[in-house]
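What follows is one structure encoded as structure tokens, with my remarks underneath.
The values are calculated or read from the model by the stated rules, or taken from the named source; none is laboratory data. Just so it is clear, the structure is predicted and the values come from calculations on it, not from any experiment. Heads up, the Cβs are rebuilt from the backbone with ideal geometry, glycines too, and the neighbour counts pull from every protein chain shown.
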Amino acid sequence: MAIKITDECINCGACEPECPNNAIYEGGVEWAFADGTTVRGEVIMMDGTAVDAEQRMAPLAVDTYYISPNKCTECQGFHEEPQCAAVCPVDCCVPDEMYQETIEELLAKKDKLHI
């Protein structure tokens, strides 16, 4: 399950540098698979859509930081717990019930992001 940032976010930015996948972006900023990863070329998104890793995607939030579920691995393979949640002063980094993934799926996603 990916992590999401709720509306309680105070935009402190503490979470962004902690993400090993560069999956966290400031509100209004476009994201791409290639940002902070080794991914190049065509990538298949969680919804099955094929995109170029360098393609800039629309921001998922405008007013607060957000996490791209396509890049979030809950820090599996890096840390024992999601680092965004560990450093968030207002506890607004929570599991995203829309994205149910097993540990094995999260580790496979991590391996695709960091070849």
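The numbered conditions (1) hydrophobic (A, V, I, L, M, F, W, C); (2) touching a Pro at 6+ places or on another chain (Cβ under 7 Å); (3) loosely packed, with under 15 Cβ neighbours inside 10 Å are all true for A2 except (3).
For the range 60-74, indicate whether the set of residues that are touching a residue at least 60 places away in the same chain (Cβ under 8 Å), among the aliphatic types (A, V, I, L, M) and in a loop (DSSP other than H, G, I, E, B) is non-empty. Within the range 60-74, none of the residues are touching a residue at least 60 places away in the same chain (Cβ under 8 Å), among the aliphatic types (A, V, I, L, M) and in a loop (DSSP other than H, G, I, E, B). Among the residues making up the range 21-44, those that are touching a helix residue (DSSP H, G or I) at 6+ places or on another chain (Cβ under 9 Å), assigned to a loop (DSSP other than H, G, I, E, B) and buried (at least 18 other Cβ atoms within 10 Å of the Cβ) are N21, N22, A23, F33, T37, V39.
Within the range 50-59, being outside any loop (DSSP other than H, G, I, E, B) and either at pLDDT below 95 or acidic (D, E) (or both) holds for one residue alone: D52. Has the range 101-115 got any residue that is touching a Ser or Thr at 6+ places or on another chain (Cβ under 7 Å), loosely packed, with under 11 Cβ neighbours inside 10 Å and farther than 17 Å from T6 by Cα? Looking for residues that are touching a Ser or Thr at 6+ places or on another chain (Cβ under 7 Å), loosely packed, with under 11 Cβ neighbours inside 10 Å and farther than 17 Å from T6 by Cα, one finds at least one in the range 101-115, hence yes. Scanning the range 82-100 for residues that are over 18 Å from T64 (Cα atoms), surrounded by 14 or more Cβ atoms within 10 Å (Cβ to Cβ) and either modelled with pLDDT under 95 or β-branched (V, I, T) (or both) yields a count of 1. For I67, the conditions (1) within 15 Å of I115 (Cβ to Cβ); (2) surrounded by 17 or more Cβ atoms within 10 Å (Cβ to Cβ); (3) of a type outside the set (F, W, Y) all hold with the exception of (1). With the requirement that a residue be of a type in the set (A, V, I, L, M) and touching a residue at least 24 places away in the same chain (Cβ under 8 Å), what does the range 31-42 give you? Within the range 31-42, A32, V39 meet the criteria. Of all the numbered requirements in (1) closer than 21 Å to G13 by Cβ; (2) more than 11 Å from the chain's Cα centre (by Cα), Y99 misses one, and that requirement is (1).
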